[in-house]
Amino acid sequence: MFDLSQLEHAHEVVAAAMPPTPAHAWPLLAQRLGATVIVKHENHTPIGAFKVRGGLVYVDRLKRERPGIAGLISATRGNHGQSLAFAAGRSRLPVTIYVPRGNSVEKNRAMQAFGAELIEHGEDFEAARLEAFRQAEARGLEIVPSFHPDLVRGVATYALELFRAAPDLDVLYVPIGQGSGICGCILARDLLGLKTEIVGVQSTEAPSYALSFATGKIVSTETSNTRADGMATRVPDPDALSIIAKGASRIVQVTDDEIGAAVRAYWTDTHNLAEGAGAAPLAAALQEKARNRGKRVGLILSGGNIDFDLFQKWIAQEVVTTPDRMAV
């Protein structure tokens, strides 16, 4: 998909808009996992998520090749749309974003604040995506898919930063939405000639990539009802699946309750707020704690854009009522 020089050029494009994100070894997480744990903090980007990198690289190439483009259009559950809005705004390029009805209120507000025209359509991401493609043709706009070589090359820059800072990782856990993040990690690892095992993470409520990985062919799901909206994918991308099938060791499925526990662990152990997809790698590493004991484990905290009501449900301790008292 790209070579090392092209990846390094993408990193220059990204670096013009934001500094490298930190990669920290957290001692409390190390105690929790029984392993050295290094977290790549993509929750510290200008949009609070890793996808900003892909948007910057995509728009940079598009403006150079087609400076007269009328505008961009895409569909998202939030971070992809924020990425495009942020990058397009830097180039004064109009962007229209479709989201499903009931999408994250706070992610919607963030996309609009970055300058996107926001339109709600359909009951899930797939319905919004199909409508965005229809409107692109009708309105003469550039459709930006959720998986594209420019997007992968852009988000792979976080893997380049991480692997150059910690080339001796034994295993790296990466969440899977449409696949750009894990594909970027696989390709960057291979370009650098490293041996790090890369493990994908999906929700048990949206396991399309896990099912496809297991069967070797595209498997779609009827629903994607996970609270981790960044992983709410029903239909895998064939190109992404091809890269994942060749380069990932396995895909671990985690429940929403496990993700919630990982959100709380990030808060208590690092004082960082993780959205559902961002916490999923920690949930998977905890599920595989025995397997990881004594190893150097990398976790991609892919974003921190979590709605306040969901934050309250996942962070606040539950109130337990007993016959004689109420305890927190």
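The values are calculated or read from the model by the stated rules, or taken from the named source; none is laboratory data. What you see is a predicted model; the values in this text were computed from it and never measured. Methodologically, a virtual Cβ is constructed for each residue, glycine included, from the backbone with ideal geometry; neighbour enumeration extends over all protein chains shown. Surface accessibility is based on the protein's heavy atoms, side chains included, excluding ligands, DNA and RNA. Shrake-Rupley method; radii C 1.70, N 1.55, O 1.52, S 1.80 Å.
Within segment 80-87, can one find any residue that is closer than 24 Å to Ala10 by Cβ, under 20 Å from the mean Cα position of the chain (by Cα) and open to solvent by 10 Å² or more (accessible area, probe 1.4 Å)?
Yes, there is a match, as at least one residue in segment 80-87 is closer than 24 Å to Ala10 by Cβ, under 20 Å from the mean Cα position of the chain (by Cα) and open to solvent by 10 Å² or more (accessible area, probe 1.4 Å).
Within segment 100-156, how many residues turn out to be in contact with a strand residue (DSSP E or B) (Cβ under 6 Å, 6 or more places away or on another chain), open to solvent by less than 10 Å² (accessible area, probe 1.4 Å) and closer than 21 Å to Glu205 by Cβ?
Qualifying residue count, segment 100-156: 1.
Can you confirm whether segment 294-307 contains a residue that is over 25 Å from Phe147 (Cα atoms) and assigned to a helix (DSSP H, G or I)?
Within segment 294-307, not a single residue is over 25 Å from Phe147 (Cα atoms) and assigned to a helix (DSSP H, G or I).
Filter segment 244-256 down to the residues that are open to solvent by 30 Å² or more (accessible area, probe 1.4 Å) and in a helix (DSSP H, G or I) and list them by number.
Ala245, Lys246
Filter segment 313-326 down to residues that are of a type outside the set (Asp, Glu) and exposed (fewer than 10 other Cβ atoms within 10 Å of the Cβ) and give me whichever is modelled with the highest pLDDT.
The extreme case among them is Gln317.
Could you check how many residues of segment 212-249 are farther than 28 Å from Leu160 by Cβ, out of contact with any strand residue (DSSP E or B) (no Cβ under 9 Å at 6 or more places or on another chain) and of a type in the set (A, V, I, L, M)?
3
Please determine whether any residue of segment 22-42 is among the acidic types (Asp, Glu), modelled with pLDDT of 95 or more and under 29 Å from Tyr173 (Cβ atoms).
Yes, that holds for at least one residue.
Quick one: which helices (runs of 4 or more DSSP H) lie wholly within segment 140-222 and hold at least 2 residues that are under 30 Å from Gly71 (Cβ atoms)?
In segment 140-222, the matching helices (runs of 4 or more DSSP H) lie at 149-165, 180-192.
Out of (1) open to solvent by 40 Å² or more (accessible area, probe 1.4 Å); (2) touching a residue at least 12 places away in the same chain (Cβ under 8 Å), the odd one out for Ala280 is which?
If we test Ala280 against (1) open to solvent by 40 Å² or more (accessible area, probe 1.4 Å); (2) touching a residue at least 12 places away in the same chain (Cβ under 8 Å), just (1) comes out false.
Here are some conditions: (1) of a type in the set (Val, Ile, Thr); (2) farther than 20 Å from Ile182 by Cα; (3) at pLDDT below 95. Thr76 meets all but one. Which one does it not meet?
Status for Thr76: all satisfied but (2).
Starting from segment 258-269, keep only residues that are part of a helix (DSSP H, G or I), then list their pairs with residues that are of a type in the set (A, V, I, L, M) and open to solvent by 10 Å² or more (accessible area, probe 1.4 Å) whose Cβ atoms are within a distance under 6 Å, requiring at least 6 positions of separation or different chains.
Within 6 Å, the pairs are Arg264/Ile315; Trp267/Ile315; Asp269/Leu28.
Please go through segment 223-243 and give me each residue that is outside any loop (DSSP other than H, G, I, E, B) and open to solvent by 40 Å² or more (accessible area, probe 1.4 Å), ordered by number.
If the condition is that a residue be outside any loop (DSSP other than H, G, I, E, B) and open to solvent by 40 Å² or more (accessible area, probe 1.4 Å), then Pro238, Asp239, Ser242 are the ones that fit.
Quick one: how many residues across segment 126-147 are within 19 Å of Pro238 (Cβ to Cβ) and in contact (Cβ under 8 Å) with a residue 60 or more places away in the chain?
Residues meeting the conditions: 6.
For Ser180, only one of the following conditions fails: (1) closer than 22 Å to Val235 by Cβ; (2) without any contact (Cβ under 8 Å) to a residue 24 or more places away in the chain. What is its number?
(2)
When both residues are 6+ apart or on different chains and their Cβ atoms are under 8 Å apart, which pairs have a first residue that lies in segment 210-231 and is under 26 Å from Trp314 (Cα atoms), and a second that is polar (S, T, N, Q) and open to solvent by 40 Å² or more (accessible area, probe 1.4 Å)?
From residues that are under 26 Å from Trp314 (Cα atoms), the pairs are Ala210/Gln253; Thr226/Thr204.
Assess whether Asp170 counts as being more than 19 Å from Ser224 (Cβ to Cβ) and touching a helix residue (DSSP H, G or I) at 6+ places or on another chain (Cβ under 7 Å).
no
Can you tell me which residues in segment 1-54 are of a type in the set (D, E, K, R), farther than 14 Å from Leu301 by Cβ and under 18 Å from the mean Cα position of the chain (by Cα)?
Scanning segment 1-54 gives a single hit, Arg53.
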